[in-house]
Structure formats: structure tokens, C-alpha cells
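In what follows, a structure is listed as C-alpha cells, so that the remarks can point back to it.
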Amino acid sequence: MLGIRKEFPGIIANDDITLQVREGEIHAILGENGAGKSTLMSILFGLYHADRGVIRIRGKEVSIKSPNDAFSLGIGMVHQHFQLVHNFTVAENIILGKEGGFVYDIHRASKRIKDISERYGLSIEPDMVIEDITVGMQQRVEILKMLYRDADILIFDEPTAVLTPQEISELMEIMRGLAAEGKSIILITHKLDEIKRVADRCTVIRRGRLVGVVDVQSTSASEMASMMVGRPVSFKVEKAPSNPGPAILRIEDLSVMSSRHVLGVKNFSLDVHAGEIVGIAGVDGNGQSELIEAITGLRHAESGRIFFKDADITSMPIRKRNELGLGHIPEDRQKRGLILGATLTDNMVIKEFYKEGFSHHGILDYPRIHDYAERIIEKFDVRSGEGAESLAGKLSGGNQQKAIIGREITGEPDLLIAVQPTRGLDVGAIEFIHTQLVKERDAGKAVLLVSFELDEIFNLADRIAVINAGRLIDVVRTDETDVDSVGLMMAGIKASGGER
Amino acid sequence: MNRIRPLEARKASPLLVSLSAVVLGIIAGCVFILLIGKNPFDGFEKILFGALSSRRRIGNTLGMSTQLILIGLSVSFAFKTGLFNIGASGQMLVGGIAGSILAYYLPMDMPRVIYIPVIVIAAAAAGGIWGFISGLLKAKFNVHEVVSTIMLNWIAYWMVYDFIPRFIIDPTISVKSKPIPLEHTLRAEWLREATGFSTLNYGFFIAIIMTVAVWFILKKTTLGFSLKAVGSNRFCAEYAGIKVSSSIMISMAIAGALSGLAGLTYYCGYSEIMEMGKMPNEGFDGIAVALLGNCSPAGSFFAAIFFGILKMGRGSLAATGIPTEIADTIIATVIYFTATNVLLSAFWNGRFQRSFEKKEEAVSYALKAAGDMRCASDLSRKEFDELAKKGRKLMKEVR
Ligand SMILES: Nc1ncnc2c1ncn2[C@@H]1O[C@H](COP(=O)(O)OP(=O)(O)OP(=O)(O)O)[C@@H](O)[C@H]1O
Ligand SMILES: [Mg+2]
């Protein structure tokens, strides 16, 4: 891709970017949130048309007008947000759009899917329904979809943001295998260690412009980070020892049913105090979602009680909880966090629009709302083409996340529940958000952090609560434990020996 | 900001899409008229003549449009809040029967300033309850509103069938209600006189007020904000503390009330009787109005008047020997093209972008010819246009 330019209303997303990928190479693209990575890939995949620039494949200039053109040129893409039909089976999803004629032979397709799955170690069963399988598997279905169509240029847009460490290692293996077969892989990720682990070369872009191409082996992670952000980045947060006050959140003997009608959380008890960050460590799917949903009111508790600032909130309506001072950065930013079809302005007051100050006698005060939204956007550096009037859905993934975090922190909660708060953020933004969370803590607020990344938990939390199969294994002080013993506890083995 | 708009901003507006659907519908009408060997201009002249050629005809057209506006608003409102109201017919019937019964039983010497608000509120309430039931079924039992509204249409139908003979029967023609005396309809002497005794009635003003009210609710109020939030992403609305189930019920109730008002204007204004065993078509026409109007209040208003013109004008077609069904065909074609608006906008987007690319090409050519090193995208709008002209001329000369 040579000299690519793409302008959206109010912003130049790609400004004369050149990207050259070799055969059999894993090529990483690194850039801040909103730098234009997804846009560049969408151009290669035929979703957008470049304003200027040419695309050459094996030396031949091509014009890619639609994803179908891309497919026929052997280009496949796994999107930042998956594109699967949830109540279809794996096989149906894979052949969707490639049925070939009116009747399609699902059995032959299934057989081929099985073959490919075995060959690349994807372990996918063609008959499974998408909504029943884990996110990691869904992603492998997306990979299979590309391979099924004989793609040999594979684009991965932030594939690891939704995966557990285990799944990430598997994915890296799969990628290496594909590259060894001579396929070219373009990998977009914000995680420098992943680039170090698999990529051969890395193209760095900043604010739509090319910064440079580096050889991954001979460049350190921090060099790449500062190249991308334009300043040195620190990976560790500075924080003083915590100074916990009274308990803000008390969870007593809580049990919660999961969507699969089994207990997702079992007899869980935990206190979170003012002025501390408690991290919940655990492998994805061990009851974290159910626990958080019960605290925030999105799911009702089977038994047990939840106290927030001494009020029993176990069955309190969500709005009341919010009014009491509960902030929540949700797990799924596109499902819960934002209304993609509404403007940023509306999204910034989605919880508070009815309050005096934003409205009066039921009539919205848009000038005030607009100012408020502008302030959040400014402070949290939410980048978009048209500022507060941009539709939330047109923001880059990382900027959507920053907008949600900004809204929740600006709402001044006494308890902030942050689920995977830095998912999809660039290293600079992560540094900023981590500092903000510590600031909240120092201001005497309580923070409950759920993260699948132990690094993040160890970096931020004062105490770590480990959850396994819906049960609390133990709560330990961060400075009195280490990654290995927490890792063991995550597998259900308590540090003091003895199982469970 | 005088920068040129980028390619990505060159998109068709909903208004353009709707207007193209109308134009295509009219073209289709011309083709049909030609196919039966008649002159299309005669046909359209007759339609316009029938709908707009005199004060009386304009009055009738607006009278016809009144219920279409209200139902269009009803469907649009529900749609904006994520619901599909196809129960406008039933809601019209209950609104109409409520109004008709009151018109029959309320004392004749009741002052109009009290009487009219009473029947307006009663009809809105009746329609509102009808809508609310669908909302309740959806919120509490997850019954899809399409199913429940259709079933409620038939309940309303049989209820009216039972109520007419029970309360308001016309003893001479036993399948109709007794005509409502003029003073108890929505008609007004001054309006009738101004429009040559047309069907135009106070309902038209109700429709205007409701157009503004719906716009206001959706755009400016906290109520509209929460209803729209539930409509566009109920998971996010729930997370934000908005009560999803009560929003659904409120939204359906408001949509129902609007259709109830349509029923009132139809049965106690446009006409003055109700017939047994007749499901009003307008309920379904309203969906077309909402579609063509892009579900916006103002859009519904004008779309309703457009359909009103076709519906009133069709009567005059007969004189030319063109079947009146042509008007219905045009409506159907317009609906078809609005429903496939994706194709229409793709067409316009393609045209806009191609012409922009051509212009850009001309500009680059002119820049190169002048030895200017700047890029097309760095120019101001004025420079861009001038250079485009110059470039085009140069390119022609070379050829
Ligand atoms: N369809 C669109 N309409 C308007 N603006 C858009 C659109 N798509 C992207 N943008 C803007 O273009 C810029 C680049 O977005 P892009 O999604 O390419 O960023 P990214 O590098 O993938 O960021 P992230 O790491 O956050 O995913 C952003 O500022 C975004 O707001
Ligand atoms: Mg992206």
C-alpha cells in the first residue's frame, strides 16, 4: 500500500501512509488510538475507498472496491469487533456469502472446515452454534473463515484484546504456523510484548502519518512505544501505599445464577474499602461477569446481600445505585457502554441527563450538556472527527473506551467498578488511565478492578481477590504475594496448600 | 472552515432519498399510463386537478391527509423508540368508537370549548390504552409487538362490531352508526365555509400540534431521550439506569394515543359515521407515510400530504379513462423504492463520489499544468472550484 490517504469529515485518518508486507512475514502495525490503523486495514479489505494512493499485490496494482474483491485477491480480515451471526452454526457462518448457487452442500463444507481446523490446530467443530462458544473460539472461527476462502494475506485487528493469556499464546502459535506456510500476516495490537513475541517487522504510525518501520528483533519495546506516542512512556504507575478507610462495598455470601442457569458465583464475600483498589484476578468466565452484574444491578442475586455505603442494594434499581455513587466501566463497550448511533454528547450524559443541571422540568439543557461533554472529551483526550457531535460508532475502538472511562470518572463515583478498563487502549492512554484510577483511590474513592491481565492487577491493586469457578479463593495483599502464587490460586489451588 | 468536503462526506441525505423515491414512483406511474395507451400528462394533470384545483378540493385533500399525518407520526414515534407499531388500525378504531359514543351521549348544549377537549382526551386515552396493552405484553411477557398489535386490531374490530349496535346504531341502516350531528363533530362552520364545505376539520390542527409535539418530545425532553436510548440500544439504556420495560409501555401508549386521535379525526371529523365490519386501511398507509418521511415528524407530515394528494386526486382520473388504480400503483411504487432506500442512497453516493473524483482529477491536472506543488486537498473550496473549471478546459483542449 503506497501513499494511502483517507479523510473523514473533520479528520485525516490516513495521511500518505505506506505499508509494505513481505510474503511469509508477520508484520505488526503500532499506533495510538485513532491513529488510523483500522481505517488503513479497511481500505485494504475494500470497506473504504482510499482518496489517494495505490495498492499493489505481488507487484501488480489492484483496485479493491469491496470485501468480495479483497477475498478474490486472497485478503482476509478478522475485525476488531467480530462479525458473526450468533444463532448460526460455525459452518453456516463460514460459508455465509460464499454459498455458491441456491443450494449449498453443508456436509462438504463441514468436512473442509474440519480439515482446515485440524491442519492449523484450530480445534473447531463445524456444528457448534456461535453463541455457545467462547470468545477465543469465535475468533478462531473468524480465522477459519479466512482460510476457508483461501486467503493468504491475513489481517488481524486487535485480535488479543478479548482473549485470555492462554488463548493469546495459542493464537500466537497459530499465527506462526500460518506464516511458516508462506501466508503474510498483518497484526494490529497495542501490546508490545506480543509484537516482540511474534512479529518480524513493525510499522509505526501516529495521527495518521507514518513514523517509521522497524525491525522487531533489534528494537526494544520502550523504543517502539516512544516512537508511537512521541514521548517516553512509563509502564509502571507511581503510587504511594494505600490508606484504606471504612468499607464502602460489602458483599456477603453472594450467589448469582449465570445465563446458563447454573450458579456462576457461589457464596462470595468481599469488602472494598474507601481509598483502596481491589483487583479481582481470575481466568475469564469464572464468575467475574456475574459478580459485577449483581453488584451493578444488571443481574439479580440468588442469595446473599450487597451493601454499598451501608445501604442494602441487593435488589435496588440500577438508577438508585448510580445515584448512590456507583460508577461502572462495563466489560463490553459496544453492547453496554455506548449507544453507537447516538452522538458523543448524548452518550456522555446517558446516566445523568434527567438530573437538575442537565435538564429542567423534563426539558434537556443542551448547551450545558454539550459543555459537559466537551470537558470530558478534552480531559480524556477522546479523539474524533467532529468532536462532541461525532457519532459514538464512528470513533476508533480505543477512543470509545476512553469516552466511557471519562464519563464514569467524571461522574465522581464513590465506588468505581472497572472491568477491563484498558482493553484496546494504547500504552500512552493506559498510563493515563492508570494514573487516573490511582488518583481516584488517593481521593478516598474505592475501586474494584476486574482484569484478565495479571500485569495490570499487580500494577494497580492494593489487594487481590482471586476468583475461581465462582468462588473466592483468597484475598491477599499485593505486596505480600507474587505472580506465581496468584497464578496458582487462579487455577483453584490455595497458596497455603490444599485444594479449594 | 472553507476546506473542501472529503469524499467520505459526500453522501445522499434522507430527504434526497425520499424525493427520489417519489420521482421514481411518478415515473413508474407514467410508464403504466403509457402502457395502457393514455397520455401520462393528462393523468397527472387530473390527479393534481382533483386534489388541488379548488378551495374545496384542497380542503378535502388536507382532510384526507389529517389521519395519515397522525398515523404516520404514531408509526414514526414507535419506530424511533425501537418498536414496530402495526396496530394503528385497531388503535384508530378504539379512538373512533370512544369519540363516537361520547358524541352520541354527551349533551348537545355542552359548549364546544369543553366538548372538543373531552373527546380529544377520550380518543387519545382509548388509543393509548390499546397501545399500552401491546407495550405491557412486550415488557412483561416478551410478546413481540407485531404479533400483539395485529391481534389487538381484530379485538378492536369485533369490539366496534359489538358496540355500534349496542350504543350508537342508526335504526334506518342497521350496519352503521347514527350520523353525529354537525356540532358534535370536529368540523367547524368557518372552516367549512372557507373551503367550500370540504371535509377539512379541527383534526388538521390537532395533526399540526402533534407534529410539533412529537418533534419536541423526541428532540428536547428527558422522556424522549430515554425512549430513544431504549430504542437504539436497550442494553446500554438498562446499564445507564433507564427502566426498559416502562419505556416500552410509555412509548407504545404514546404511539397508540396518536393513532387514537387519527381515529377521532377520521370518524368524527372526516366522516361522521362508523361502519360495522370495516378495518380502516389507513393503519397500513401510515407505515408507508412513516417510511417515506424517514420516521421524522416533519417528514411524516409532508409524506402524508403527498399521499393525501394521490388519494384525493385518483377520483378525477376516471374521467380520462385511466384506471384509478394507477394512483395506488404510484403509492405502491413509492413505498417500494423507500423500502429499498439502500439502493437509492448507494446510487447517489456513487454519483456524488464519482463526480468528486472527476473534479479532483481536473484540479490535479490544472495544478500540474501551472507547476503548483500543492495537493487538491490543501485548497480552499473556492480555489478548488476554480481550478476544477480550469483543469477541465485544459483537458478538453489537449484532447
Ligand atoms: N466511518 C467513520 N466516519 C468518521 N470518522 C471515522 C470513521 N472511521 C474512523 N473515523 C475516524 O478516523 C480516525 C482513525 O480511526 P481508526 O479506527 O482507524 O483508528 P485506530 O488506529 O484503529 O484506533 P484504535 O487503536 O483506537 O482502534 C479516528 O479519529 C476515527 O474517529
Ligand atoms: Mg482500531
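At a glance:
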{"quantity": "Flag for residue B:213 being part of a helix (DSSP H, G or I), away from chain A (no Cβ under 14 Å) and under 19 Å from the mean Cα position of the chain (by Cα)", "calculated": "no"}
{"quantity": "Enumeration of residues in segment B:29-55 that are among the aliphatic types (A, V, I, L, M) and either touching a His at 6+ places or on another chain (Cβ under 9 Å) or open to solvent by 20 Å² or more (accessible area, probe 1.4 Å) (or both)", "calculated": "B:31, B:34, B:35, B:36, B:48, B:52"}
{"quantity": "Filtered residue count, segment A:395-419, keeping only those that are under 17 Å from the mean Cα position of the chain (by Cα), assigned to a loop (DSSP other than H, G, I, E, B) and more than 16 Å from ligand 2 (Cβ to nearest atom)", "calculated": "0"}
{"quantity": "Any hit, segment B:227-250, residues being under 29 Å from residue B:186 (Cα atoms), within 22 Å of the chain's Cα centre (by Cα) and either of a type in the set (Lys, Arg) or part of a helix (DSSP H, G or I) (or both)", "calculated": "yes"}
{"quantity": "Qualifying residue in segment A:127-138 (condition: under 16 Å from residue A:76 (Cβ atoms) and not aliphatic (A, V, I, L, M))", "calculated": "yes"}
{"quantity": "Output for segment B:183-207, where each listed residue is open to solvent by less than 60 Å² (accessible area, probe 1.4 Å) and either assigned to a helix (DSSP H, G or I) or within 14 Å of chain A (Cβ to nearest Cβ) (or both)", "calculated": "B:184, B:191, B:192, B:194, B:203, B:204, B:206, B:207"}
{"quantity": "Verdict on residue A:449 being in the same structural domain as residue A:345 (by TED's automatic domain parsing), part of a helix (DSSP H, G or I) and within 20 Å of residue A:242 (Cβ to Cβ)", "calculated": "no"}
{"quantity": "Residue match in segment A:29-48 (condition: open to solvent by 60 Å² or more (accessible area, probe 1.4 Å), within 16 Å of ligand 1 (Cβ to nearest atom) and on the phi < 0 side of the Ramachandran plot)", "calculated": "yes"}
{"quantity": "Residue in segment A:295-303 that is at the interface with chain B (Cβ under 9 Å from one of its Cβ atoms), on the phi > 0 side of the Ramachandran plot, in a loop (DSSP other than H, G, I, E, B) and free of Cβ contacts under 8 Å to residues at least 40 places away in the same chain present", "calculated": "yes"}
{"quantity": "Hits in segment A:148-159 - residues which are open to solvent by 10 Å² or more (accessible area, probe 1.4 Å) and either within 16 Å of ligand 2 (Cβ to nearest atom) or in a loop (DSSP other than H, G, I, E, B) (or both)", "calculated": "A:149, A:150, A:152, A:158"}
{"quantity": "Output for segment B:276-316, where each listed residue is over 28 Å from residue B:151 (Cα atoms) and open to solvent by 40 Å² or more (accessible area, probe 1.4 Å)", "calculated": "B:298, B:302, B:306, B:312, B:314, B:315"}
{"quantity": "Close pairs from segment A:21-33: first of a type in the set (A, V, I, L, M), partner within 12 Å of ligand 2 (Cβ to nearest atom) and assigned to a loop (DSSP other than H, G, I, E, B), Cβ under 9 Å, at least 6 apart", "calculated": "A:28/A:189; A:29/A:35; A:29/A:189; A:30/A:189; A:30/A:190; A:30/A:426"}
{"quantity": "Residues (within 16 Å of ligand 2 (Cβ to nearest atom) and of a type in the set (Val, Ile, Thr)) located in segment A:47-83", "calculated": "A:78"}
{"quantity": "Matching residues, segment A:356-370, being within 9 Å of chain B (Cβ to nearest Cβ) and either closer than 16 Å to residue A:319 by Cβ or in contact with a His (Cβ under 6 Å, 6 or more places away or on another chain) (or both)", "calculated": "A:358, A:359, A:362"}
{"quantity": "Residues of segment A:143-173 satisfying the condition of being more than 16 Å from ligand 1 (Cβ to nearest atom), over 20 Å from residue A:22 (Cα atoms) and of a type outside the set (A, V, I, L, M)", "calculated": "A:145, A:148, A:149, A:164, A:165, A:166, A:167, A:169, A:170"}
{"quantity": "For residue A:162: the one exception among (1) within 16 Å of ligand 2 (Cβ to nearest atom); (2) open to solvent by less than 50 Å² (accessible area, probe 1.4 Å); (3) over 30 Å from residue A:275 (Cα atoms)", "calculated": "(3)"}
{"quantity": "Unique match (being away from ligand 1 (no atom under 16 Å from the Cβ) and either under 16 Å from residue A:325 (Cα atoms) or not acidic (Asp, Glu) (or both)) among A:402, A:355, A:394", "calculated": "A:355"}
{"quantity": "Criterion violated by residue B:322 - all others in (1) in a helix (DSSP H, G or I); (2) β-branched (Val, Ile, Thr); (3) within 41 Å of the chain's Cα centre (by Cα) satisfied", "calculated": "(1)"}
{"quantity": "Condition broken by residue A:225, with the remaining ones in (1) among the small types (Gly, Ala, Ser); (2) part of a loop (DSSP other than H, G, I, E, B); (3) within 16 Å of ligand 1 (Cβ to nearest atom) satisfied", "calculated": "(2)"}
{"quantity": "Options A:40, A:30; residue that is away from chain B (no Cβ under 14 Å), within 23 Å of the chain's Cα centre (by Cα) and assigned to a helix (DSSP H, G or I)", "calculated": "A:40"}
{"quantity": "Odd one out for residue A:4, checked against (1) open to solvent by 40 Å² or more (accessible area, probe 1.4 Å); (2) of a type in the set (A, V, I, L, M); (3) assigned to a strand (DSSP E or B)", "calculated": "(1)"}
{"quantity": "Which numbered condition residue B:238 misses (of (1) more than 11 Å from every other protein chain (Cβ to nearest Cβ); (2) acidic (Asp, Glu); (3) without any contact (Cβ under 8 Å) to a residue 40 or more places away in the chain)", "calculated": "(1)"}
{"quantity": "Qualifying residue in segment A:141-163 (condition: touching a Cys at 6+ places or on another chain (Cβ under 7 Å) and touching a residue at least 40 places away in the same chain (Cβ under 8 Å))", "calculated": "no"}
{"quantity": "Complete set of residues in segment A:329-355 that are open to solvent by 10 Å² or more (accessible area, probe 1.4 Å) and more than 10 Å from chain B (Cβ to nearest Cβ)", "calculated": "A:331, A:343"}
{"quantity": "Residue ID - surrounded by the fewest Cβ atoms within 10 Å (Cβ to Cβ), chosen from residues in segment B:377-399 that are in contact (Cβ under 8 Å) with a residue 40 or more places away in the chain and of a type outside the set (Ser, Thr, Tyr)", "calculated": "B:382"}
{"quantity": "Qualifying position, being farther than 23 Å from residue A:244 by Cα and surrounded by fewer than 19 Cβ atoms within 10 Å (Cβ to Cβ), among A:423, A:375, A:407", "calculated": "A:375"}
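For every residue, the table says whether it meets (1) among the acidic types (Asp, Glu); (2) surrounded by fewer than 22 Cβ atoms within 10 Å (Cβ to Cβ); (3) not assigned by TED's automatic domain parsing to the domain that holds residue B:33.
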site	(1), (2), (3)
B:318	no, yes, yes
B:327	no, no, yes
B:332	no, yes, yes
B:346	no, yes, no
B:349	no, yes, no
B:352	no, yes, no
B:355	no, yes, no
B:359	no, yes, no
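The values are calculated or read from the model by the stated rules, or taken from the named source; none is laboratory data. Source: prediction; values computed, not measured. Using ideal geometry, Cβ is built from the backbone for each residue, glycine included, and neighbour counts are taken over all protein chains shown. Only protein heavy atoms, including side chains, enter the accessible area calculation; ligands, DNA and RNA are left aside. Shrake-Rupley method; radii C 1.70, N 1.55, O 1.52, S 1.80 Å.
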